[in-house]
Amino acid sequence: MMSAKRMRLACKVAVPGSCLLIIAGALSVGPWSTQTAAAKTITTTCQDSSADAAKLNAAIASSHPGDQILISGQCLLTSPVTLLGDRSYQGGSRTGTVLQQASGANLPYLLASDTYVSNSNVTGDPFKIHQLTIDCNSGHNTAATNGLVLHSWQTQAEDLQIENCRGSGILVTNTTPNGTTLTNTQVNGSIDNNFITNSGKYGVYVQDSGNSVTDWRLTGNYIASSGQDAIHLENAAGWYIDGNHVYGIGNNAIYVNRLFGTSIANNYIEDFGDAGGNTTWYGINGTVQGDAASTIAGNRVFMFTSEKSGTTYRYIALTRVNYGTGYVAVTGNVIRGAGTAADTGFYYNAGSGVSLNVTSSGNAAAAVGTTRTIGTGVTLSAGL
């Protein structure tokens, strides 16, 4: 959990004029107590049957904190699966364990934290889910199904294949289905080494109307063929977004709102803005808070596909400061455009009544119409 000092800072990250973080609620999960190991392994095997969802839910409901739930086979999901905290969920492999939405089921999500399902206003206990495939089966369903919904702190999603979701592949959220929002924090989770493909909305979506979902790691993922953005964070405070490889993106490759102590590093973007239209699409687009500084470093942003006529493309951009003075270091990034006048390599803008200090060094841009654009309220320096 965060220190009291950090939580006071986090209040500043929220929408100016309101602090939705309730510190008392954040402290409700106290210091770690002495744990007694009494875990067991629960094995459940699916049969590609309409009874699989009920079987999985029953196995999880009968488990106890610390248990490991091993899932194998082809699981046909006619209803969602609720994931209890303080457990691990493991498949045999991405091909050996496949959880697929049944044709015509049209579920809102396939797997979700128990506190999300129960519309709780506090975050769920940690769990880990890994080594399996989640298939929303979009070809035989019309609902905007989300693959995996996380409403739990210190939770790990690793070595998953999530595919064919008309909604988002992974949704990390402070808001439950009936609109209840968290009164405490949902921090310190990780989303690592997954393959997320063919999402109708976002590959990874962080939904945070307050200031709860902070300080996560999003690393080493492959995100392909997203209808909208590959990575879309409504709150990027304290996030570490590193080493992700994205391609086949309809809108923006990486959108990060409210940069605050955020690191965006070593990501490989092959293309973005495939949807075209009379609009602007971004490889990396961030808005900045006026307190802690952030870094954008070592990213490779390219355009290997043909750009659409009438569309504007910006490769790395800071488009707005939300309040005060923002500080961002943009270093060691490489851009390779499509060689058209519609391309801008680096774009910096603060807006009126605010300011943005950008330290820019060691970057390279080729085959773009405009190498760099400096907007309102921006001070640019080469650093030390």
Multiply the residue separation of Thr340 and Thr43 by 0.36 nm, subtract the distance between their alpha-carbon atoms, and state the gained length in nm to one decimal. 101.3 nm
When the dipole is taken about the Cα centre of the chain, and only Lys, Arg (+1) and Asp, Glu (-1) are charged at their Cβ, what size is it in debye, to the nearest 20? 720
Packing-based ranking, highest mean first, of 93-105, 166-178 given that Cβ atoms within 10 Å are counted: 166-178, 93-105
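Given Cβ point charges of +1 (Lys, Arg) and -1 (Asp, Glu) and nothing else, what value in debye, to the nearest 20, does the dipole of the stretch 57-209 about its Cα centre take? Mind dumping the intermediate values first?
Values: 5 positive and 10 negative charges, 58 e Å.
For the stretch 57-209, the charge dipole is close to 280 debye.
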In nanometres, what is the gap between the two model label sites at Ser62 and Ser118, each 7 Å from Cα along Cα-to-Cβ? 2.1
So, counting K/R as plus one and D/E as minus one, what does the shell of residues with Cβ under 15 Å around Asp125 add up to? -1
Could you work out how far helix 4-13 tilts from the main Cα principal axis of the chain, as a 0 to 90 degree angle to the nearest 10? 60
In whole Å, what is the distance between the alpha-carbon centres of the stretch 286-364 and the stretch 143-220? 25
Arranged from highest to lowest average of other beta-carbon atoms within 10 Å per residue, in what order do the peptides 359-366, 295-302 appear? 295-302, 359-366
May I ask for the angle, rounded to the nearest 10°, between helix 52-61 and the longest principal axis of the chain, with both axes built from Cα atoms and the value confined to 0 to 90°? 90
Thr370 paired with Ala144, simple spin-label distance in nm, labels 7 Å along Cα-to-beta-carbon: 3.2
Sort Phe127, Phe272, Phe195, Phe304 by Cβ crowding within 10 Å, fewest neighbours at the top. Phe304, Phe195, Phe127, Phe272
What is the sum of charges around Phe302, taking Lys and Arg as +1, Asp and Glu as -1, for the other residues whose C-beta is under 15 Å from the C-beta of Phe302? -2
In whole Hz, the Karplus estimates of ³J(HN,Hα) for the stretch 165-175 (6.51, -1.76, 1.60; θ = phi - 60°; x where Gly or Pro) are 9, 6, x, 10, x, 10, 10, 10, 9, 9, 10
Size of the dipole of the stretch 241-384 about the Cα centre, Lys and Arg at +1 and Asp and Glu at -1 on the beta carbon, nothing else charged, in debye to 20? 200
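How do 257-270, 45-58 rank on mean C-beta neighbours within 10 Å, highest first?
257-270, 45-58
Where a number appears in this text, it was derived from the coordinates with a stated rule and is not lab data. This one's a predicted model, so the numbers in the text were calculated from it and none came from an experiment. Note that we place each Cβ from the backbone using ideal geometry, even for glycine, and neighbour counts take in every protein chain shown.
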